[in-house]
Amino acid sequence: MSQFTWQRAVIKVGSALIAPDGKACSSQFLLPIAQFIVASRAQGKEVILVSSGSVAAGRGKIGYKHYPSIAEKQAMAAIGQTHMMANWARLFDFDCGQILLTSDDFHNRTRYVNIKNTLRELLRNNALPIVNENDTVVINELKVGDNDNLAAYTALVAQADTLIICSDIDGLYDADPRQNPSAKFIPRVDEIDHKIHQLAGGAGTSVGTGGMRTKIQAAEKCAKSGIQTLIVNGRKPEVFEQLALSKQPGTLFIPSKNRDSARTQWLRHTLRSKGTLVIDDGAQKALINKGASLLPSGITSVLGSFKPGEAVDIRYKDQIIAKGLCLYGNSELAQIKGQRSDKIETILGYSSGEVAVHRDDLVLL
Ligand SMILES: Nc1ncnc2c1ncn2[C@@H]1O[C@H](COP(=O)(O)OP(=O)(O)O)[C@@H](O)[C@H]1O
Ligand SMILES: N[C@@H](CCC(=O)OP(=O)(O)O)C(=O)O
């Protein structure tokens, strides 16, 4: 078994472990995880927990039915969250700090910095941050949507070196073992390419959300930022014994060598685009081959509504090839698209610069 070492980890625990019967909290699988957290902290390591399960933990309290409405799920989450936090808190003799986040909180630079500061201060004070999505204030379209991606965002903002996803399966297989009993186990993934994405199916139970698909998305976000991801079976106590001995159970996703800077990570993964700039052949070559800025002359159409300084997708033909912060709003760009930069001032009556998206504010996807 390979060695597995880390210093600051986000540990994500799925609903199937928090509320295995899908109706209420249980400690059945949490004790080995809690013991591992305690032992790791005693060695000077830092842990942030991302815990799912509020909906499942509150389900039994809100007249259980198979397809609850969004408001019913929000009510389940509000009740279940307190049960879930209490369930964790009684396993530790240090403080737990509850952090409830939405997708918007990661996309907004000020909130992002506040999340970072709060996490750092909790860790400095030896508390255990426990993160979940704030289900009360978001509907499906506005959610991160699954706690695997929420855990990846948390790992990025916390500058963790490791994400450990505790699921109800040993790790990644070449097919969903629940559908295909002869599926083969994959202990290590060096590069997350489209073939790896294709292996992943959806949730295996009605309690979980996203299945292996969202776990691979999370691992990819982390890998691009130099963070290793390990998927393990949180139902098996021996997994945490192995981890405590610096052994590697489960599937390990190796981080990319070319680590993004914190700003690039934010641009690439957390900032939400408000519009799209469609570009021509020349601009596509300049961006891809020369790492150039995007000039108004290379833009053929402007979609969406955005203000100066907001993020936009950059599309060539049918593919989004880059993302960046645009110096002009959509109405200004509609006037200067296709024009030479020295015409900007004449057309608009002012100029915010000769480029539409500066290469320092641009990431290739
Ligand atoms: N290629 C695959 N390898 C392993 N598991 C897979 C694969 N494709 C889909 N799955 C499913 O993903 C499930 C785990 O995800 P999920 O049900 O969302 O649980 P969690 O609560 O841990 O997030 C597994 O139980 C399995 O059925
Ligand atoms: N905020 C929701 C998250 C649900 C979720 O992502 O579940 P899972 O796939 O088990 O991690 C909850 O706590 O129920």
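So what's the angle, to the nearest 10 degrees on a 0 to 90 scale, between helix 281-290 and the longest Cα principal axis of the chain?
The helix 281-290 is inclined about 60 degrees to the chain.
Lys and Arg at +1, Asp and Glu at -1: add these up for the other residues within a Cβ distance under 10 Å of residue 48 and post the number.
Here the count lands on +1.
Please identify the chymotrypsin sites (Phe, Trp or Tyr not before Pro) of region 85-180 that satisfy two criteria: DSSP loop assignment and at most 16 other Cβ atoms within 10 Å. Which are they?
92, 94
What are the residues whose amide H is under 5 Å from the amide H of residue 128, where those residues sit 5 or more places off or on another chain and H is modelled from the backbone?
Amide H neighbours of residue 128, under 5 Å, 5+ apart: 95, 96, 97.
In terms of modelled amide H atoms, which long-range or inter-chain residues lie less than 5 Å from the amide H of residue 275?
313
Hey, what do the phi angles of region 300-315 turn into as Karplus ³J(HN,Hα) couplings, whole Hz, using 6.51/-1.76/1.60 and θ = phi - 60°, x for Gly and Pro?
Per residue, the Karplus-derived 3J(HN,Hα) values read 9, 8, 10, 10, x, 10, 8, 9, x, x, 8, 7, 9, 7, 10, 10 Hz.
Neighbouring Cβ atoms within 10 Å as the yardstick, rank 261, 246, 51 fewest first.
261, 246, 51
Rounded, prolate or oblate: which fits region 8-262, taking a ≥ b ≥ c as square roots of the Cα gyration tensor eigenvalues, rounded meaning a/c under 1.5, else prolate when a/b beats b/c?
In terms of gyration-tensor shape, rounded.
As I understand it, the value is the acute angle between the Cα axis of helix 109-124 and the longest principal axis of the Cα atoms of the chain; what does it come to in degrees, rounded to 10?
30 degrees
Pairing the Cα long axis of helix 211-224 with the longest principal axis of the chain, what angle in degrees results, from 0 to 90 and rounded to the nearest 10?
Roughly 60 degrees, rounded to the nearest 10.
For region 187-293, which trypsin sites (Lys or Arg not before Pro) pass both filters: DSSP loop (anything but H, G, I, E, B) and at most 10 other C-beta atoms within 10 Å?
Loop-located and lightly packed - 257.
Which chymotrypsin sites (Phe, Trp or Tyr not before Pro) does region 1-66 hold that lie in a coil by DSSP with at most 15 other beta carbons within 10 Å?
Counting only loop positions with at most 15 other Cβ atoms within 10 Å, the chymotrypsin sites (Phe, Trp or Tyr not before Pro) in region 1-66 are 64.
Which net charge results for the neighbourhood of residue 26, defined as the other residues with beta-carbon distances under 15 angstrom from its beta-carbon, given Lys and Arg at +1 and Asp and Glu at -1?
With Lys, Arg at +1 and Asp, Glu at -1, the net is +3.
Please order 76, 85, 1 by the number of other Cβ within 10 Å, starting at the fewest.
Fewest-to-most ranking of 76, 85, 1: 1, 85, 76.
Count charges around residue 102 for me, please; just the other residues with Cβ under 11 Å from its Cβ, Lys/Arg as +1, Asp/Glu as -1.
Net local charge, residue 102 excluded: -2.
How high is the relative contact order of the chain, in percent, with contacts defined as C-alpha pairs under 8 Å that are six or more residues apart?
15 percent
List, in order, the whole-Hz ³J(HN,Hα) value for each residue of region 180-193 obtained from phi through the Karplus relation with A = 6.51, B = -1.76, C = 1.60 and θ = phi - 60°; use x for Gly and Pro.
Couplings: 9, x, 8, 4, 9, 6, 10, x, 8, 10, 8, 9, 8, 10 Hz.
Run lengths n ≥ 4 of DSSP H only: what is the helix-derived mean residue ellipticity at 222 nm for the chain, with -39500 (n - 2.57) per run over all residues, to the nearest 500?
Helix-only estimate at 222 nm: -10000 deg cm²/dmol.
Return the lysines within reach of residue 61: Cα separation strictly under 22 angstrom, same-chain partners fewer than 8 residues apart disregarded; answer none if there are no such residues.
In chain and number order, the partners are 23, 73.
Rule-based calculations on the coordinates, nothing more; no lab input. In this text, all values refer to a predicted model and were calculated from it rather than measured experimentally. Ideal geometry is used to build each Cβ from the backbone, glycine not excepted, and the neighbour counts take in all protein chains shown.
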